[in-house]
1. If I ask for residues that are crowded, with 24+ Cβ neighbours inside 10 Å and either over 19 Å from residue 11 (Cβ atoms) or hydroxyl-bearing (Ser, Thr, Tyr) (or both), which ones from the stretch 126-140 would you list?
2. Identify, please: which residue in the stretch 166-198 is under 14 Å from the mean Cα position of the chain (by Cα) and at pLDDT below 95 and is, among those, surrounded by the most Cβ atoms within 10 Å (Cβ to Cβ)?
3. If we scan the stretch 148-165, do we find a residue that is assigned to a loop (DSSP other than H, G, I, E, B) and surrounded by fewer than 23 Cβ atoms within 10 Å (Cβ to Cβ)?
4. Which condition from (1) open to solvent by less than 30 Å² (accessible area, probe 1.4 Å); (2) modelled with pLDDT of 95 or more is the one that residue 24 breaks?
5. Hey, among the residues in the stretch 199-218 that are aliphatic (A, V, I, L, M) and loosely packed, with under 13 Cβ neighbours inside 10 Å, which one's modelled with the highest pLDDT?
6. Mind listing just one residue for me: the one in the stretch 42-73 that is over 15 Å from residue 13 (Cβ atoms) and acidic (Asp, Glu) and, of those, least open to solvent (accessible area, probe 1.4 Å)?
7. With the structure loaded, tell me whether residue 227 is of a type in the set (D, E, K, R), part of a loop (DSSP other than H, G, I, E, B) and either more than 19 Å from residue 103 (Cα to Cα) or at pLDDT 95 or above (or both) or whether it fails that test.
Amino acid sequence: MESIKDKVIVITGASSGIGASAARKLAQLGAKVVLAARREDQLKDLAQEIGENAIYVVTDVARRTDLDNLILQTIAKFGRVDVMWNNAGIMPISFFEEGHVDEWDKMIDINIKGVLYGINAVLPHMLERGQGHILSTSSVGGLKTSPGIGVYSGTKFAVKAIMETLREEVAQNIKVTTIYPGATKSELGHDITSPKIKGLYGNLANMPKLDEEAIANAVIYAISQPDNISVNEVVVRPLGQTR
């Protein structure tokens, strides 16, 4: 893992779940991690836990100016950004007939616009340096949809399209990776308000689920490759998940 040591890695959605798990492991491997999320108390605690290899920047990925500020603060502290991981996302799934339009808007703002704003904030810097690595978290829901996840799945299909197009545009210099996690133990889905979804699936607790560390390991695998190798897609499901 020598190729990870001293890399400057920005992670959105870093206050919990796979983002926090990956931040811990990356820092243990010698990376400098920049933690970004909305909840300052959790970011502060994680940064203190990791120690001198971590800083945090309170960031709402639905705000373009927050992503611009995140990259500016990272460069001010560490001089560069080697890896940008657009990991923040929400999943308040529901059926279309329930009309949870406000939740649709939030998913579009965070799951799609957050990725676009992250790319926009960091890409000029990476192009100027002639190197870099941009990752984004999609979902297996970005590969196949099913009833009740139409808008969430749509946002994750959008991430797939955005990242694949980005890869084709910048493949000569910039690495581009899309991560497709299956069901994972995290806060994702805790914001579900749909009575119909809850009636069908409960709190999703009985589904087979990956440990957060499994996705962290997938990200580390992608980041740790030699300079001439770009891992473009990683799909990770728990054993027993068929979709």
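1. The answer is 136, 137, 138, 139.
2. Residue satisfying both the conditions and the ranking: 181.
3. Checked the stretch 148-165: at least one residue is assigned to a loop (DSSP other than H, G, I, E, B) and surrounded by fewer than 23 Cβ atoms within 10 Å (Cβ to Cβ).
4. It fails just one condition, (1).
5. 200
6. 68
7. yes
Residue by residue, here is whether (1) farther than 19 Å from residue 138 by Cβ; (2) among the basic types (Lys, Arg) holds:
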{"position": "38", "(1), (2)": "yes, yes"}
{"position": "80", "(1), (2)": "yes, yes"}
{"position": "88", "(1), (2)": "no, no"}
{"position": "99", "(1), (2)": "yes, no"}
{"position": "105", "(1), (2)": "yes, no"}
{"position": "110", "(1), (2)": "no, no"}
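The values are calculated or read from the model by the stated rules, or taken from the named source; none is laboratory data. Computed from a predicted model, the values in this text were never measured in an experiment. Positions of Cβ are generated from backbone atoms using ideal geometry, with glycine treated the same way; all protein chains shown enter the neighbour counts. What goes into the accessible areas is simple: the full protein's heavy atoms, side chains included, and nothing from ligands, DNA or RNA. Shrake-Rupley method; radii C 1.70, N 1.55, O 1.52, S 1.80 Å.
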